[in-house]
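To keep things clear, I will list the structure first and then write my remarks on it.
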Amino acid sequence: MIHEAVYSRLKNNAGVSALVGARVYPVKGEQAVTLPYIVYSRISVYGREISHGNTTKAAKSRFQIDCYAKTPTQAAQISEAVVAAFHGWKGTLGSEKIFISQVVDTQDAFDLDTNEYVVPVDVEIFHKEG
């Protein structure tokens with residue numbers, strides 16, 4: 001599944017793991033998680049294609065990858081590592097074929113609930129569904 005490919009890309013990328021270690025979580029962070037960390041979730045899937053009456057299993061998934069840290073500088077550094085890992089990424093990871101991915105948006109924010117700096121990175125991934 002594409003979720004597993006995104007998780008693997010985040011966990012195994014040297015630039016990302018150097019900054020957050022193994023603290024990569026789907027949908028929400030663990031309670032009382034140590035900073036810094038990443039939370040990722042798929043926010044949409046669209047563009048499922050049909051060719052000659054059959055599905056091609058090609059789809060575009062959009063993921064939001066939130067980079068949490070104690071300082072805005074640290075959150076920005078993590079987001080830059082995420083951008084480097086995903087912008088232009090293509091290939092096969094497990095059973096998932098990634099045609100191409102691109103970063104489509106980033107922004108600076110502050111989470112009032114957790115009192116942490118966060119930089120959301122939106123990534124669009126064109127892939128073949130497994």
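Quick rundown of the values:
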{"item": "Loop-located chymotrypsin sites (Phe, Trp or Tyr not before Pro) in the range 53-110, at most 15 other Cβ atoms within 10 Å (DSSP)", "result": "none"}
{"item": "Option label - P(r) over Cα pairs in 5 Å bins from 0, in percent computed here, alternatives (1) 2, 12, 21, 24, 18, 11, 7, 4, 2, 1, 0; (2) 2, 9, 14, 15, 11, 9, 8, 7, 6, 4, 4, 3, 3, 2, 2, 1, 1, 0, 0; (3) 2, 9, 17, 20, 16, 14, 10, 7, 4, 2, 1, 0", "result": "(1)"}
{"item": "Residue among Val27, Val103, Ala58 farthest towards the positive dipole end of the chain, charges placed on Cβ", "result": "Ala58"}
{"item": "Sum of -39500 (n - 2.57) over DSSP H runs of 4+, divided by residues of the chain (222 nm, nearest 500)", "result": "-7500 deg cm²/dmol"}
{"item": "Order by protection proxy (mean Cβ within 10 Å, highest first), peptides 7-16, 120-129", "result": "120-129, 7-16"}
{"item": "Most fluctuating residue given options Val104, Val33, Val119, as computed from a GNM of the chain linking Cα atoms under 10 Å", "result": "Val33"}
{"item": "The chain, dipole about Cα centre (Lys/Arg Cβ +1, Asp/Glu Cβ -1), debye to the nearest 20", "result": "520 debye"}
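No lab work stands behind these numbers, since they all come straight from the coordinates. Here the structure is a predicted model, which is why all the values come from computation and not from measurement. Glycine gets a Cβ as well: all are built from the backbone with ideal geometry, and neighbour counts include every protein chain shown.
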